[in-house]
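Data first, discussion second: the structure below is written as structure tokens.
The values are calculated or read from the model by the stated rules, or taken from the named source; none is laboratory data. Predicted model only: the values in this text are computed from it and were never measured. Using ideal geometry, Cβ is built from the backbone for each residue, glycine included, and neighbour counts are taken over all protein chains shown.
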Amino acid sequence: MSKMNKVGRAEIQIDGQKLSYKVYEGTEGERAIDISTLRKDTGAITFDSGFVNTGTCSSDITYIDGEKGVLRYRGYDVDDLAKNCEFIEVSYLLINGSLPTVGQKARYSDLLNRHSMLHEDMRDFFSHYPEHSHPMAILSAMVVSLSSFYPELGENHNEDIDMKVTRLLSKLRTIAAFSYKKSIGSPTVFPKQDLSYCENFLNMMFSSPVKENPYNEVMVQALNKLLIIHADHEQNCSASVVRGVGSAGANLYASISAGICALWGPLHGGANQKVIEMLEDIERDGGDVDKVIEKAKNKRSPFRLMGFGHRVYKSYDPRAAIAKKLCMEVIKSTNKSDPLLDIAMELEEKALADPYFVDRGLYPNVDFYTGLTYREMGIPTDMFTVMFAIGRLPGWIAQWMELKNDPKGRIARPRQIYTGPTVREVEPIAERK
């Protein structure tokens, strides 16, 4: 892990007491004040709801500049990676720190194929989930159960790290496809040795005994790129959860399962599903985009324009531009039209021409077009967040590994400002009102 550079000091004054704290700077110029001894020095803590301005770690995995719309993995721009790499190459980059050579990629692909099958006892689990169980519920439960079938992951630290990582990367894809087949009552399709990572997933999702290869090369390439743009995103909600659980000493499977649960939330990974639902509502209501724009601007209305704005990006989300292009390519390859896409494009055009949205930095985010693309590929709405999880997995693994390898790593333990009752005495039960 790269070290932060000390570049100066910052003075803080509280109750007449002046204190000086070190200021550190990252390789891209980000600055942070080290207030780790503040409570010891003053008895006070910082208050930062949602950790909006709090750095909980130093990391050399992902860099984001929200003002300029920059996203880089290990120094590589996400657009450059999407144009020139496959998802498994980016996974290797995030986890190992460098892009693979031809030989390394071949070995990695072989490991992914070798570990793609599920233990037969695990396959029995799928038959016991209730009908129409949400795929994210199945995914999180199945991932944490992997620790029962492969306990050596947490015990044997000498095991080849590639073996640990590829086992999870490959099996998550299989679990996801099996969970979809379970939800629609169809027989499961096994992975194939001669297919690539993304081809295998699409084949397991959509093939059946009476239908082979129900996808095209455009879809395979689009899936590669969609997974790449979701692969990591710094200390977001789910990554922070993975690190938090991992900081307690939990194994990789338990930590990733917790991250999946965090991702399930509609304000995080579930947002692309909410975009589709919003577009469907607009279509049912006659397709009046102007009406929706005005409702979104009305402060008294609870309505939110899904797929616009981002906690970090205050300009156009760089992933959104890639996702929009992919959406157009996939739709063109299917020779179909989608009225929801027409509504989405009109909505984007009018929102970006409205000062209300531009002044507030409310540009389309990655969720705005990814759901539409998955929809065109035949992936159902309740699988959208699962697709997000498959893409985000290498980032979660990289974050977990970085935490584990940090000699200064500590268990996550935020503080709080208590606002409850002051000291009270317990009354005998007969006297309580």
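Table for the structure above
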read-out	value
Members of segment 322-348 found to be surrounded by 16 or more Cβ atoms within 10 Å (Cβ to Cβ) and small (Gly, Ala, Ser), listed by number	Ala323, Ser333, Ala344
In segment 292-321, residue farthest from Gln273 (Cα to Cα) [restricted to those that are surrounded by 14 or more Cβ atoms within 10 Å (Cβ to Cβ) and of a type in the set (Gly, Ala, Ser)]	Ser315
Helices (runs of 4 or more DSSP H) wholly inside segment 74-162 containing at least 3 residues that are at pLDDT 90 or above	78-84, 87-96, 102-114, 135-149
Unmet requirement for Gly395, which otherwise passes all of (1) of a type in the set (Gly, Ala, Ser); (2) closer than 27 Å to Ala323 by Cα; (3) outside the structural domain of Leu168 (by TED's automatic domain parsing)	(3)
Selection count where residues are in contact (Cβ under 8 Å) with a residue 24 or more places away in the chain and assigned to a helix (DSSP H, G or I), scope segment 186-201	4
Test result for Val423, assigned to a helix (DSSP H, G or I) and either touching a Pro at 6+ places or on another chain (Cβ under 6 Å) or without any contact (Cβ under 8 Å) to a residue 24 or more places away in the chain (or both)	no
Filter result for the condition that a residue is in a helix (DSSP H, G or I) and surrounded by fewer than 21 Cβ atoms within 10 Å (Cβ to Cβ), over Ser183, Ser179, Ser170	Ser183
Matching option when the condition is farther than 24 Å from Ala231 by Cβ, within 25 Å of the chain's Cα centre (by Cα) and either surrounded by fewer than 17 Cβ atoms within 10 Å (Cβ to Cβ) or assigned by TED's automatic domain parsing to the domain that holds Val312 (or both), among Ser98, Ser49, Ser36, Ser58	Ser49
Test for Glu402: is it free of Cβ contacts under 8 Å to residues at least 40 places away in the same chain, in contact with a helix residue (DSSP H, G or I) (Cβ under 9 Å, 6 or more places away or on another chain) and not hydrophobic (A, V, I, L, M, F, W, C)	no
Count of residues meeting criterion [surrounded by fewer than 19 Cβ atoms within 10 Å (Cβ to Cβ) and under 24 Å from Met401 (Cβ atoms)] in segment 77-88	2
Answer from Ala296, Ala258 - the residue that is of a type in the set (Gly, Ala, Ser) and not assigned by TED's automatic domain parsing to the domain that holds Arg360	Ala258
Scope segment 47-61; condition touching a residue at least 12 places away in the same chain (Cβ under 8 Å), out of contact with any Asp or Glu (no Cβ under 8 Å at 6 or more places or on another chain) and of a type outside the set (Gly, Ala, Ser); matching residues	Phe47, Phe51, Val52, Thr56
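Condition check ((1) under 16 Å from the mean Cα position of the chain (by Cα); (2) among the hydrophobic types (A, V, I, L, M, F, W, C); (3) not in a helix (DSSP H, G or I)) across all residues:
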| position | (1), (2), (3) |
| --- | --- |
| Val358 | no, yes, no |
| Gly361 | no, no, yes |
| Tyr369 | yes, no, no |
| Leu372 | no, yes, no |
| Phe384 | yes, yes, no |
| Ala389 | yes, yes, no |
| Pro394 | yes, no, no |
